[in-house]
Amino acid sequence: MPAIHLKTEIPGPRSRELNEVRHEHVSPGPFHTTPVIASHAKGSVVTDVDGNSFLDFSSGIGVTNLGHRDEAVMRAVAEQAEKFVHTSINVVAYEGYIRLAERLNALLPKAAPCKTFLANSGAEAVENAVKFARVKTGRQAVIAFEHGYHGRTYMAMALTAKAHPYKSGFAPFPAEVYRAPYPDFYRWPGVQGDPGGCPQAPTCPLERCFCQEVFNSFAEIARGQIGEQNVAAVIIEPVAGEGGFVPAPAPFLKMLRRWCDEHGVVLIFDEVQTGFGRTGSLLACHQLDVTPDLVVMAKGLANGLPLSAVTGRADVIDAVGLGGVGGTYCGNPLACAASHAVLDRFEDPAVLAHACHIGEVLRHRLEAFAKRFPSVGQTRGLGPMRAIELVTDRETKQPNKAAAQAVVQYAYEHGLILMACGTHGNVLRFLVPLTMNDEELNEGLAVVEDALASLE
């Protein structure tokens, strides 16, 4: 039975009515992809106030990795709510927070001993990761990367690369933030066509070693513009999320790891979007075989409840003394309970195995789209975190933002929630629930295929 079921025009009358109220009373700042208003959701399906059912290919921007209203997560939250919902860890501690930190510390065995700080959002965790690094090193400079997205608070905005709409009008930003090239080989200067991803191999068989070229650029910026002795931290997404779902190859990340070790710099992986099965492993760093000093987690960490974490080397975390970090709602008991349930679910190897299966289905179907539709410049991703980049011309690689917007609109008008991303806004990103079955996945991909065909 199809998951998509449309009873009215899109948006329906009730959604249109509520949107009028929203325009009158709600800040226009939060971006909304679809003009529909949710009523309820379960698994991979969101139902709006008009009774229309949509397949969700966004997972709340990569949050509900286990699907909407996962039974184990909901049960854990309900049980905790019967006990207490808030004390503030700053006032009265509770076991859920302590035990969750213990479990998250175990995710970075090569960085042991580890400690964890819990917060509410990815941006908040990024801010605190920078605090830890600066206090530990006694330095100030932080190097981020092109295409990077790290949040909307002030330090996070400074680290985020894309100006509009995330940074426009909000300056000045915190100082001592520098930017280096990200290993986006599709758009690396002098590259013709699609070079593919840098192979995960000790010796690069390509005529040009793009990893080395990008790293050399990074090292020169660090040496010439900053001075290595002034760098507190390097922060990078293992897959640039909002920047276009561009994976950073393991050889490049290993070069960064060695450089940070040589210069006493804290290496931070922002795994807010890549964590908790999104790339086919619990954390992306697990399959890349590179261990950061600190890892930032959020989104799938609690499958819909606000929770984030900074986990990593105890000597870095301990550098900040009593009262140096914190927040009233940090590590809320309900969110901690949800996260325990998430980690319990991922202890079943079948969950990650299914995520990898989804990744392979997506890879094959998107590659087929690339062969059929000239508007597809490149397909890429890591595991089930996949995307297609739309261009006006494959030779010039001119970004086609209008095409991406048209596909997104076609999708929601036909019952599919889909999002675009990328520095140029021309990338279609696939963030399907990792519990989605093949029938639902293929139903949604059929809508995408029809949408791409409508561009021709």
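Scan the range 301-318 and give yes if some residue there is among the basic types (Lys, Arg), farther than 30 Å from GLY138 by Cβ and at pLDDT 95 or above, otherwise no.
Step one: of the range 301-318, the residues among the basic types (Lys, Arg) are 313.
Cutting the leftovers down to farther than 30 Å from GLY138 by Cβ gives us none.
Scanning the range 301-318, I find no residue that is among the basic types (Lys, Arg), farther than 30 Å from GLY138 by Cβ and at pLDDT 95 or above, so the answer is no.
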Are any residues in the range 134-149 surrounded by fewer than 21 Cβ atoms within 10 Å (Cβ to Cβ), β-branched (Val, Ile, Thr) and within 10 Å of ASN230 (Cα to Cα), and if so, which ones? THR137
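Return yes or no: is GLU389 assigned to a strand (DSSP E or B), within 27 Å of HIS286 (Cβ to Cβ) and modelled with pLDDT of 95 or more?
Working: assigned to a strand (DSSP E or B): yes; within 27 Å of HIS286 (Cβ to Cβ): yes; modelled with pLDDT of 95 or more: yes.
Yes.
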Residue satisfying condition, being of a type outside the set (Ser, Thr, Tyr) and touching a Lys or Arg at 6+ places or on another chain (Cβ under 6 Å), within set ALA144, ALA93: ALA144
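Provide a single number: the residues in the range 341-356 that are touching a residue at least 40 places away in the same chain (Cβ under 8 Å) and more than 17 Å from LEU283 (Cβ to Cβ). Break it down into steps so the answer makes sense when it comes.
At the first step, the residues of the range 341-356 found to be touching a residue at least 40 places away in the same chain (Cβ under 8 Å) are 341-346, 351-352, 354-356.
If we keep only those that are more than 17 Å from LEU283 (Cβ to Cβ) too, we end up with 341, 354.
Total satisfying the criteria: 2.
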Inspect the range 306-315 for any residue being more than 17 Å from ALA101 (Cβ to Cβ) and part of a strand (DSSP E or B) and give the result as yes or no. no
Based on this model, can you work out whether ALA446 counts as part of a strand (DSSP E or B) and surrounded by fewer than 23 Cβ atoms within 10 Å (Cβ to Cβ)? no
Search the range 342-381 for residues being crowded, with 21+ Cβ neighbours inside 10 Å and of a type in the set (Gly, Ala, Ser), and hand back the single one that is nearest to LEU307 (Cα to Cα). ALA355
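Could you please let me know if VAL130 is aliphatic (A, V, I, L, M), surrounded by fewer than 19 Cβ atoms within 10 Å (Cβ to Cβ), within 26 Å of TYR329 (Cβ to Cβ) and at pLDDT 95 or above?
On the way: aliphatic (A, V, I, L, M): yes; surrounded by fewer than 19 Cβ atoms within 10 Å (Cβ to Cβ): no; within 26 Å of TYR329 (Cβ to Cβ): yes; at pLDDT 95 or above: yes.
Against the criterion (aliphatic (A, V, I, L, M), surrounded by fewer than 19 Cβ atoms within 10 Å (Cβ to Cβ), within 26 Å of TYR329 (Cβ to Cβ) and at pLDDT 95 or above), VAL130 does not qualify.
Looking at the range 149-174 only, could you name the residues that are hydrophobic (A, V, I, L, M, F, W, C) and touching a residue at least 40 places away in the same chain (Cβ under 8 Å)? Explain how you work it out, then say what you get.
The first filter runs over the range 149-174 and keeps only residues hydrophobic (A, V, I, L, M, F, W, C), leaving 155-159, 161, 163, 170-171, 173.
Result: LEU159, ALA161.
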Return yes or no: is GLY377 of a type in the set (Gly, Ala, Ser) and in a strand (DSSP E or B)? yes
Subset of the range 403-427 [under 29 Å from ALA353 (Cβ atoms) and either in contact with a helix residue (DSSP H, G or I) (Cβ under 6 Å, 6 or more places away or on another chain) or without any contact (Cβ under 8 Å) to a residue 40 or more places away in the chain (or both)]: ALA411, LEU416, LEU418
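With TYR182, TYR186, TYR178 as the choices, which residue is hydroxyl-bearing (Ser, Thr, Tyr) and either in a loop (DSSP other than H, G, I, E, B) or within 16 Å of VAL295 (Cβ to Cβ) (or both)? Give the derivation first.
Values: TYR186 fails: either in a loop (DSSP other than H, G, I, E, B) or within 16 Å of VAL295 (Cβ to Cβ) (or both); TYR178 fails: either in a loop (DSSP other than H, G, I, E, B) or within 16 Å of VAL295 (Cβ to Cβ) (or both).
Checking each option against the conditions leaves just TYR182.
Select the strands (runs of 3 or more DSSP E) contained entirely in the range 1-104, then report the ones holding at least 3 residues which are buried (at least 16 other Cβ atoms within 10 Å of the Cβ). Can you show your working first?
Numbers: elements: 38-42, 45-48, 53-56.
Those strands (runs of 3 or more DSSP E) span 45-48, 53-56.
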Considering (1) in contact with a Lys or Arg (Cβ under 9 Å, 6 or more places away or on another chain); (2) free of Cβ contacts under 8 Å to residues at least 40 places away in the same chain, say which one GLY243 fails and leave the rest. (2)
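How many residues are part of a helix (DSSP H, G or I) and among the polar types (S, T, N, Q) when one looks only at the range 401-443?
Let us first name the residues in the range 401-443 that are part of a helix (DSSP H, G or I), namely 401-413, 438-443.
After this cut, where a residue has to be among the polar types (S, T, N, Q) as well, the list is 405, 409, 442.
Looking only at that region, the number is 3.
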Sole exception among (1) at pLDDT 95 or above; (2) closer than 24 Å to LEU362 by Cβ for PRO249, by number: (1)
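The values are calculated or read from the model by the stated rules, or taken from the named source; none is laboratory data. Keep in mind the model is a prediction, meaning the values are calculated, not measured. Counting neighbours? That spans all protein chains shown, and the Cβs are built from the backbone with ideal geometry, glycine included.
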